[in-house]
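Visitor: First the structure, then my questions, so here it is.
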Amino acid sequence: MRALLCPASLKGVLSARAAATALSRGFREVGADVTELPIADGGEGTCEALALALGGEWCEAVVSDPLGRPIPARWLLLPDGRAVIEAAAAIGLPLLQTKERDPLQASSRGLGELLLAALAASPTSVVVALGGTATVDGGEGLRECVRELPVPTVVLCDVRTRLADAARLFGPQKGASEKDVEELERRLAAMEELGPYADLPGAGAAGGLGAAFAALGADLVPGAATVLDLVGFDELLAGHELVVTGEGQIDET
């Protein structure tokens, strides 16, 4: 039997790469031929999945975390000249302690700084992976740094949420109380520049960063399907009899 092992991350338990390695060990013990292909849904882990499948050069920049503190963040330059950046690398929720989570204060500015670092390398195009952020600022911090996108930019959205639903659906997991959610909804509704993009699928991804990128001229695309295309999943599928995947945390949810 030939098995294609393509898990996404098991959050809080294993990275996609570690999960693929564990699956591989088990399948090989019973004599199966395996191919490891860790994947992602367009959120955190996307850069690593693409690096493992396609190669490329890791680059690093010092950027602001969600609360404005300097941190190192990596991005990936693919062999074909495309730059890939993850929102979570700069403004991810895991960068904060639980007691620090405060979407009323958290800013997406660090993502803008990471994007500028990638653009400084003169890439042919940019791929931005949203998801896993600590922010619900409608990309306000990002837009303070980045006024235009000089190269074609594709934004991978891990959800299809509208802008108006972003605060209520995802604010609580980022530390927002019910009162905070109401304030965040008011803030997002007041961002007139995002209005024309508010109903696009993915506009509410990463606390409204989807709408912010759309306003800058980026294309919003489904994250999981696009990652599968980038890593050549369909071509690999033809040579295997079994596919094993999985994602999320293994718990009662």
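Visitor: Quick one: Cα convex hull volume of the chain, Å³ per residue?
Guide: 125 Å³
Visitor: Can you give the FRET efficiency for Ala238 and Ala120, using 1/(1 + (r/R0)^6), R0 = 45 Å, r = Cβ-Cβ distance, to the nearest 0.05?
Guide: Numbers: r = 40 Å, r/R0 = 0.88.
Calculated transfer efficiency: 0.70.
Visitor: Hey, can you find the accessible area per residue of the chain for me, probe 1.4 Å, expressed in square angstrom?
Guide: Numbers: 11740 Å² over 253 residues.
Counting only protein heavy atoms, the per-residue value for the chain is 46 Å².
Visitor: Compute the distance in nm between two label points, each set 7 Å from the Cα along the Cα-to-Cβ direction, one at Glu183 and one at Glu60.
Guide: 3.6 nm
Visitor: Now for a separate question. Quote to one decimal, in nm, the extra length available between Arg160 and Lys99 on full extension: 0.36 nm per residue of separation minus the C-alpha distance between them.
Guide: That works out to 19.1 nm of additional length.
Visitor: Let me ask something else. Keeping the other protein chains in place, figure out the carbon and sulfur percent of the accessible area of the chain, with a 1.4 Å probe.
Guide: 52 percent
Visitor: If you don't mind, there's one more thing I want to ask. Mind ordering 33-43, 234-244 by average Cβ neighbours within 10 Å, highest first?
Guide: Highest-to-lowest ranking by the protection proxy: 33-43, 234-244.
Visitor: For segment 73-198, restrict the atom set to alpha-carbon positions and state the Rg and Dmax in Å.
Guide: 14.8, 47
The values are calculated or read from the model by the stated rules, or taken from the named source; none is laboratory data. Quantities reported herein were computed from a predicted structural model and do not represent experimental measurements. Here the Cβ is made from the backbone with ideal geometry for all residues, glycine too, and neighbour counts use every protein chain on show. Side chains included, ligands, DNA and RNA excluded: accessible areas come from the protein's heavy atoms. Shrake-Rupley method; radii C 1.70, N 1.55, O 1.52, S 1.80 Å.
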